[in-house]
Each structure stands twice: as C-alpha cells, then as structure tokens.
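Notes follow once the structure below has been shown.
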Amino acid sequence: MIDDLDLGFDEPERGEKGRHRRSFRKRKSGSGGGRGKTFFALLMALVLLGGIGGGAFYGFDRIQNYFVTPDYDGAGSGEITVEIKNGALLADMADALVAADVVKSQKAFIEAAEANSRSKNIQPGTYKLRKQMSGASAVTAMLDLKNKIVNGITIPEGRTSKNIYKLLSDKTKIPVKEFEAAAKDPEALGIPDWWFKREDGKKVVKSVEGFLYPDTYEIPPKATAETVLKLMVDNFLSVTGEMKFADRVQKERGGVSPYEALIVASLAQAEAGNKDDLGKVARVAYNRAYGEFPCNCLEMDVTVNYWLELTGKPTKTSAEMKQSELLDTTSPYSRKLKGMIPTPINNPGKLALEGAMDPPVGKWLYFVAIDKQGHSAFAETYEEQKRNEARAKEAGVI
C-alpha cells in the first residue's frame, strides 16, 4: 500500500549552477482534491508505520527473550524443599526447580550447571533452597551438603518385602502395618498392569514382591508408607526400563513373561552364593521349571523359607528343615510344585535381573557351593552333582 502513495513531489531538477530544486506538480483534479488525498495518505502512512513499529517492538521483545536466558538475580528469599529423584538428569532437576519457583527457567539452571564442573556431583535427595534464585545460585546451593536433607536408608539386595517394611519402619517410624496396607494394591504404587502377565498358564498373583528395588533412598520429609514404596517401585521401573528387561525377556527367553523372569531373578538372588553365579543359577531355574527336570519343579529350599516367613514362622537352614517342610505339597511355594512359583521371593538387584534376562547357555540342572567364597559347581546329571558334592565336603562347605 505504501508503494502507491503519492506525496505530490517531483523528482529533483538540476539548475544552471548544478543546484537541486524541487517543484510541485499540478494535479488534474484541482488543488483541493489533491490536498485531501495527500492528507489521507500521510495519515495512513503514520498508522501503518505505527503498527509496524509496535509489531517490531513486540517481535524484538520475543527475540530478546529467545537469546537472553530468563533468570532471577541473586540468592533468592524464603525457604522451600525440593526433591531430586533417583536417576534425574539435569533437565529433570531443572523441571523440579522451575515447578517450585526456585529458578526462572530450565535453561537458566542447565546453563549454570554446564558451566560448573562440579555439577556432576549433585545427588538425588531433598534440598533446602530459596525461591527465585539465579541458576548459578541454585547450582551452588545444591553442591553445598549443608542444604541436603539427609534421611537416607540402604535396602540390601535380596530382602523380602516383609523384611523391607521392618527396615523402613525403624528408619521412618511409620508402622509396619501401614506399609503392608499400602502394598496390598501394587498397581496403585505405580506397577503397570502388563507386568502381571504369565505365559505358563498359571493364575497371576499380584504382589509388590520383586518390585521394591534395592538401593539407597533419601526419605522425603513427611513421607507416608505409600510415598516411600512408590519411590522404590519408580526406581525399579527406571532401572528395568534402562536395561530393556521386559523387551529382551519377551524376545529372547522363548515364551517366558517378564514377570516369570523377575521370579527367576529373585531365585538366583537367594540361591547364588557369589555374583559370578547369578546367571547360571537363573539358567538352572529355567531348566528345572520349563525344561527336562524329572519333576518339572524347582526343588529349592529358598522357596520353603519364603513360605515360612510369609506365615510368620522362623526361617531355617537347609539342614534344619524337616522332611515334612521339604516335601510339603500344600504350600504354594512348595519345592515340589510343578512349574514356576506364584511370585518373586525377594527383591533382586541389577546383577540378578541381568542374569535372569540374559543367562548363559547351558543344560545345568544341579549346583552346589564348593568353596568358602560361595562359588558353585554346576552339573547336567545327578552323577556329576554327586561328584561336586564330594568336592564341597572336602572343602568343608557342606
């Protein structure tokens, strides 16, 4: 529209002495109409230029915000607690800080963390921080251990849920009954329904057993039994997700569901006396439950002990177990139960999960510890197993 605007001036003309002079053109429509159109054109030009100016200012503001990181100044004010979860990346930390109004933008925190070589030392946990801190101030505060609320507890590998509830109760003073109540609905704790699937035709028993990942946890302030168990379940899902546990089991274990593989991981965790043997013990469990073992049963004493613990009885060593306990067929965790047991019998660690996900190839059906370090010898036949037992006796293991 501006290209068609006629302000009524002719091009400059050069005079005799080379000077420029400007002359008005005469308009055919008369001087009054010309002046009216010129005034209107000037008015429109001003409106348009004003609009463009406003838009340009708005656009500049947008561009400025794009190139300049939105950030607060200084060390902030007040006090707020922020939880950084296990496995959190810088972006996850930044999201938590922005949500709590500790920092103004994700970019402010990430840029400050990347500029600070010590930022890799920021650990999961709960921090006392201030609101509206600069990104750099937030990073510095999170690196200062005085600002970390220390309320940690370590859950060892292979502990049963009942044992874990006791450990958590001693630390948090939350009654064991509250943990037991929260555990009654595993899906409410965040375990997806697809985990509770079996491929062996047996009825699914939904249990939190196996999903309380062993690790060191920072217990958040004012925690409830439900929030603590959710923290552990979330960690399990993160670890197994990173391992691609479920995907690999479904693709590589030939008709075994991820839940059944989790059960096998718990068996390996309980039976293996040394981490080097976790995968082989897992292979034995698969071979016994799904392979050529005569009774097609596990015949592992650890399942008997799990049932004793579930029913409120003291656990025993293999030598202390009575024949009635070893041969009990009424227990859902009987040594003589055909196929795989109903649930995991403890909460396995990452190495046991890896062993069940990707066990070494072998036709082993038997194993026995042969040294004080807990290493086992594995056998395909009972005759070979007897020879290994003789070695174990010579070593004073059995």
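The values are calculated or read from the model by the stated rules, or taken from the named source; none is laboratory data. Note that the structure is predicted; figures quoted are calculated from it, not measured. Quick reminder, even Gly has a Cβ in these numbers, built from the backbone with ideal geometry, and neighbours come from all protein chains shown. For the accessible areas, the whole protein counts, side chains as well, though only heavy atoms, and no ligand, DNA or RNA atoms are used. Shrake-Rupley method; radii C 1.70, N 1.55, O 1.52, S 1.80 Å.
Go through (1) in a strand (DSSP E or B); (2) touching an Asp or Glu at 6+ places or on another chain (Cβ under 9 Å); (3) at pLDDT below 90; (4) not β-branched (Val, Ile, Thr) one by one and return the number of the condition Glu79 breaks.
(2)
Identify all residues within the stretch 207-216 that are surrounded by 13 or more Cβ atoms within 10 Å (Cβ to Cβ) and not charged (D, E, K, R); write none if there are none. Quick ask: steps written out before the conclusion?
If we filter the stretch 207-216 for residues that are surrounded by 13 or more Cβ atoms within 10 Å (Cβ to Cβ), which is where we start, we get 207-215.
Once the filter is applied, which keeps residues that are surrounded by 13 or more Cβ atoms within 10 Å (Cβ to Cβ) and not charged (D, E, K, R), the stretch 207-216 yields Ser207, Val208, Gly210, Phe211, Leu212, Tyr213, Pro214.
Could you tell me whether any residue of the stretch 136-158 is over 24 Å from Gln106 (Cα atoms) and small (Gly, Ala, Ser)?
Yes, because at least one residue in the stretch 136-158 is over 24 Å from Gln106 (Cα atoms) and small (Gly, Ala, Ser).
In the stretch 217-253, what residues are in a helix (DSSP H, G or I), open to solvent by less than 10 Å² (accessible area, probe 1.4 Å) and under 13 Å from Ile174 (Cβ atoms)?
If the condition is that a residue be in a helix (DSSP H, G or I), open to solvent by less than 10 Å² (accessible area, probe 1.4 Å) and under 13 Å from Ile174 (Cβ atoms), then Ala225, Val228, Leu229 are the ones that fit.
Among the listed residues Ala94, Ala113, Ala108, identify the single one that is touching a residue at least 12 places away in the same chain (Cβ under 8 Å), farther than 13 Å from Met142 by Cα and outside any strand (DSSP E or B).
Result: Ala108 is the single residue among Ala94, Ala113, Ala108 that is touching a residue at least 12 places away in the same chain (Cβ under 8 Å), farther than 13 Å from Met142 by Cα and outside any strand (DSSP E or B).
Filter the stretch 256-269 for residues that are in contact with a Phe, Trp or Tyr (Cβ under 8 Å, 6 or more places away or on another chain) and of a type in the set (Gly, Ala, Ser) and give the result.
Scanning the stretch 256-269 gives a single hit, Ala261.
Would you point out which residue out of Glu354, Glu394, Glu383, Glu389 is in contact (Cβ under 8 Å) with a residue 60 or more places away in the chain and acidic (Asp, Glu)? Reasoning before the result, please.
Working: Glu394 fails: in contact (Cβ under 8 Å) with a residue 60 or more places away in the chain; Glu383 fails: in contact (Cβ under 8 Å) with a residue 60 or more places away in the chain; Glu389 fails: in contact (Cβ under 8 Å) with a residue 60 or more places away in the chain.
Selected residue: Glu354, the only one of Glu354, Glu394, Glu383, Glu389 that is in contact (Cβ under 8 Å) with a residue 60 or more places away in the chain and acidic (Asp, Glu).
With the requirement that a residue be of a type in the set (Asp, Glu), open to solvent by 50 Å² or more (accessible area, probe 1.4 Å) and more than 30 Å from Asn235 (Cβ to Cβ), what does the stretch 342-398 give you?
Initially, the stretch 342-398 is screened for residues of a type in the set (Asp, Glu), giving 354, 358, 371, 380, 383-384, 389, 394.
Adding the requirement that they be open to solvent by 50 Å² or more (accessible area, probe 1.4 Å) leaves 354, 358, 380, 383-384, 394.
Scanning the stretch 342-398 gives Glu380, Glu383, Glu384, Glu394.
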